[in-house]
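Below is one structure; the comments refer to it alone.
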């Protein structure tokens, strides 16, 4: 039986691999995913908060998130891995980066 490896690698290696996967998204998708899961932020942001920041409807933010999740899933990145990436041990001390 073949052993398959997650594209995110070992626990100590996966943040860099996750960054590579995120950078493969369209810029708006990457930003929305990062803010939604709290990557590079002090906390995760709701679709409503992201919508206000970009001046768009919540439904558009949700659609962008869903499309990005599908693109990431095609690369083997799960929502659970995204949630883990947003946990405090991987967050920046400086808050979210602006648009």
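The values are calculated or read from the model by the stated rules, or taken from the named source; none is laboratory data. The structure displayed is predicted, hence computed values, not measured ones. Glycine gets a Cβ as well: all are built from the backbone with ideal geometry, and neighbour counts include every protein chain shown.
Here are some notes:
Results for (1) at pLDDT 90 or above; (2) assigned to a loop (DSSP other than H, G, I, E, B); (3) touching a helix residue (DSSP H, G or I) at 6+ places or on another chain (Cβ under 8 Å); (4) over 18 Å from residue 16 (Cβ atoms), shown as yes or no for each residue.
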| residue | (1), (2), (3), (4) |
| --- | --- |
| 35 | yes, no, yes, yes |
| 44 | yes, yes, yes, yes |
| 53 | yes, no, yes, yes |
| 60 | yes, no, yes, yes |
| 63 | yes, no, no, yes |
| 68 | yes, no, yes, yes |
| 71 | yes, no, yes, yes |
| 77 | yes, yes, yes, no |
| 81 | yes, no, yes, no |
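- Hits in region 30-74 (condition: more than 19 Å from residue 84 (Cβ to Cβ) and buried (at least 17 other Cβ atoms within 10 Å of the Cβ)): 31, 47, 50, 51, 61, 64
- Subset of region 8-29 that is farther than 15 Å from residue 70 by Cα and part of a loop (DSSP other than H, G, I, E, B) - its residue that is modelled with the lowest pLDDT: 12
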